[in-house]
Amino acid sequence: MSRYPALRLRRTRATAWSRRLHAETVLTPADLIWPLFICEGQGVEEPITALPGVSRWSVDTIVARAREARDLGIACIALFPNTPPTLRTDDGREALNADNLVCRAIRALKAAVPDIGVLTDVALDPYTIHGHDGLLDPAGYVVNDATADMLVRQALNQAAAGADIIAPSDMMDGRVGLIRAALEAAGHVNVQVMAYAAKYASGFYGPFRDAVGSRGLLKGDKQTYQMDPANAEEALREVALDLAEGADSVMVKPGLPYLDIVVRVKAAFQVPVFAYQVSGEYAMIEAAVAAGAAERDTMVLETLMAFKRAGCSGVLTYHALHAAKLLAR
Ligand code: PBG
């Protein structure tokens, strides 16, 4: 084996061109999915206190955001509605309304910016008065099968409006297969399913719940349906099931604290894996920047590169637009 001084690993790091030449991983705007929050109204931009730098946009203003993202090469946007409180019910039936916020946004986006992907979240939490992703029984338990029936109808509603990727984030058992079958039966053969396959019951979702207006409403936690952070083998079982049920791609969520799961999923299945760098992760970076403890641009690009290095095809991140601008330089 060749040793120092013949071998100097610093040699290839000595210049910028050489570092570029030897990079094992690349990050491009096409690796990014940008989550956007939608609200009612006209011409609205509503800053979200818990997510400094992130806003809710009305349907008309979100179209401009999508155009900006498309022009920077971002592949896809993900939509999350802040449903007016008066439309939230026990059963979340507003999710099935063909004219709900998300459906109106999808139609506006597909008409104005057809060449960016539109991903929509399937789960009832933006529509329920209790903030849970599904239907509750009298004891407050989220019932699986009746919830899955609602999710199928929600997915069909989004597909009919023009969604490109249906992303169930609810963690009910069996819902991917039911959604896939319903999409096929309705002729939506090219609508993709990206399964939130390994989604953990996490403390990192707080700012998101503020953004969609469910934080104050949520009774208890989501530990009876989202995964235990202690478990990794169980994540592989979740992924195996969602793939067998017809998922086109799978997601791990949250992101950085679960990179080990990304690596294991990629090694076990060789399928497209995505990670969600969630709201609490975004807020941590912004808090560190605000405290003068770190530099935003470096942290943003370094964390996104980490997802690519771990094996992700792409990343959902609230820093997508900022990252795309940095990458364009
Ligand atoms: C809801 C959903 C959540 C997120 C995406 N979809 C929150 C939750 O499960 O409570 C979190 C995203 C984020 O924190 O950025 N089904």
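The values are calculated or read from the model by the stated rules, or taken from the named source; none is laboratory data. Only a predicted model underlies this, so the values are computations on that prediction, with no experimental measurement involved. No Cβ is skipped: glycine too gets one built from the backbone with ideal geometry, and neighbour counts run over all protein chains shown. Just the protein is used for accessible areas: all its heavy atoms, side chains included, with ligands, DNA and RNA removed. Shrake-Rupley method; radii C 1.70, N 1.55, O 1.52, S 1.80 Å.
From the list Ala198, Ala182, pick out the single residue that is more than 14 Å from Leu124 (Cα to Cα), aliphatic (A, V, I, L, M) and assigned to a helix (DSSP H, G or I).
The conditions single out Ala182.
Quick one: which strands (runs of 3 or more DSSP E) lie wholly within region 1-119 and hold at least 1 residues that are among the hydroxyl-bearing types (Ser, Thr, Tyr)?
Working: elements: 32-38, 45-47, 55-57, 76-81.
By residue number, 55-57.
Suppose the filter is outside any loop (DSSP other than H, G, I, E, B) and within 14 Å of the ligand (Cβ to nearest atom); does Arg153 pass it?
Working: outside any loop (DSSP other than H, G, I, E, B): yes; within 14 Å of the ligand (Cβ to nearest atom): no.
Answer is no for this residue.
Being over 24 Å from Lys219 (Cα atoms) and surrounded by fewer than 17 Cβ atoms within 10 Å (Cβ to Cβ) narrows it down to one residue among Ala185, Ala139; which is it? Quick ask: steps written out before the conclusion?
Numbers: Ala139 fails: over 24 Å from Lys219 (Cα atoms).
Exactly one of Ala185, Ala139 is over 24 Å from Lys219 (Cα atoms) and surrounded by fewer than 17 Cβ atoms within 10 Å (Cβ to Cβ), namely Ala185.
Being part of a loop (DSSP other than H, G, I, E, B), open to solvent by 30 Å² or more (accessible area, probe 1.4 Å) and on the phi > 0 side of the Ramachandran plot is the requirement here; does Gly216 meet it? Spell out the reasoning first.
On the way: part of a loop (DSSP other than H, G, I, E, B): yes; open to solvent by 30 Å² or more (accessible area, probe 1.4 Å): yes; on the phi > 0 side of the Ramachandran plot: no.
For Gly216, the condition - part of a loop (DSSP other than H, G, I, E, B), open to solvent by 30 Å² or more (accessible area, probe 1.4 Å) and on the phi > 0 side of the Ramachandran plot - is not met.
Under 6 Å by Cβ, and 6 or more places apart or on different chains, what pairs join a residue from region 188-205 that is farther than 19 Å from Met172 by Cβ with one that is in a loop (DSSP other than H, G, I, E, B) and within 13 Å of the ligand (Cβ to nearest atom)?
Here the result reads Phe204/Pro254; Phe204/Val278, each pair linking region 188-205 to a residue that is in a loop (DSSP other than H, G, I, E, B) and within 13 Å of the ligand (Cβ to nearest atom).
What's the number of the only condition in (1) on the phi < 0 side of the Ramachandran plot; (2) open to solvent by 30 Å² or more (accessible area, probe 1.4 Å) that Pro81 fails to meet?
With respect to (1) on the phi < 0 side of the Ramachandran plot; (2) open to solvent by 30 Å² or more (accessible area, probe 1.4 Å), Pro81 is out only on (2).
Restricting attention to region 253-278, report how many residues are more than 15 Å from Leu32 (Cα to Cα) and hydroxyl-bearing (Ser, Thr, Tyr).
So the count comes out to 1.
Looking at region 173-197, which of the residues that are within 13 Å of the ligand (Cβ to nearest atom) and in contact with a helix residue (DSSP H, G or I) (Cβ under 6 Å, 6 or more places away or on another chain) is nearest to Thr128 (Cα to Cα)? So that I can check it myself, show each step before the final result.
Our first condition is that a residue be within 13 Å of the ligand (Cβ to nearest atom); within region 173-197, this holds for 175, 194-196.
Then drop every residue that is not in contact with a helix residue (DSSP H, G or I) (Cβ under 6 Å, 6 or more places away or on another chain), which leaves 175, 195.
On the way: Arg175: 19, Ala195: 21 Å.
Applying the filter and picking the extreme gives Arg175.
Looking for something open to solvent by 50 Å² or more (accessible area, probe 1.4 Å) and under 25 Å from Ala287 (Cβ atoms) - is there at least one such residue anywhere in region 93-101? Give the derivation first.
First pass over region 93-101, keeping only residues open to solvent by 50 Å² or more (accessible area, probe 1.4 Å): 93, 97-99.
The next check asks that each one be under 25 Å from Ala287 (Cβ atoms); those that pass are none.
Checking region 93-101: not a single residue is open to solvent by 50 Å² or more (accessible area, probe 1.4 Å) and under 25 Å from Ala287 (Cβ atoms).
Within region 154-182, restricting attention to residues that are open to solvent by 10 Å² or more (accessible area, probe 1.4 Å) and of a type in the set (Asp, Glu), which residue is nearest to the chain's Cα centre (by Cα)?
Asp164
Just a yes or no: is a residue in region 227-249 within 16 Å of the chain's Cα centre (by Cα) and within 13 Å of the ligand (Cβ to nearest atom)?
Scanning region 227-249, I find no residue that is within 16 Å of the chain's Cα centre (by Cα) and within 13 Å of the ligand (Cβ to nearest atom), so the answer is no.
Of everything in region 23-64, what is open to solvent by 50 Å² or more (accessible area, probe 1.4 Å) and under 30 Å from Thr128 (Cα atoms)? Give them in sequence order.
If the condition is that a residue be open to solvent by 50 Å² or more (accessible area, probe 1.4 Å) and under 30 Å from Thr128 (Cα atoms), then Glu40, Gln42, Gly43, Glu45, Glu46, Pro47, Thr49, Pro52, Gly53, Asp60 are the ones that fit.
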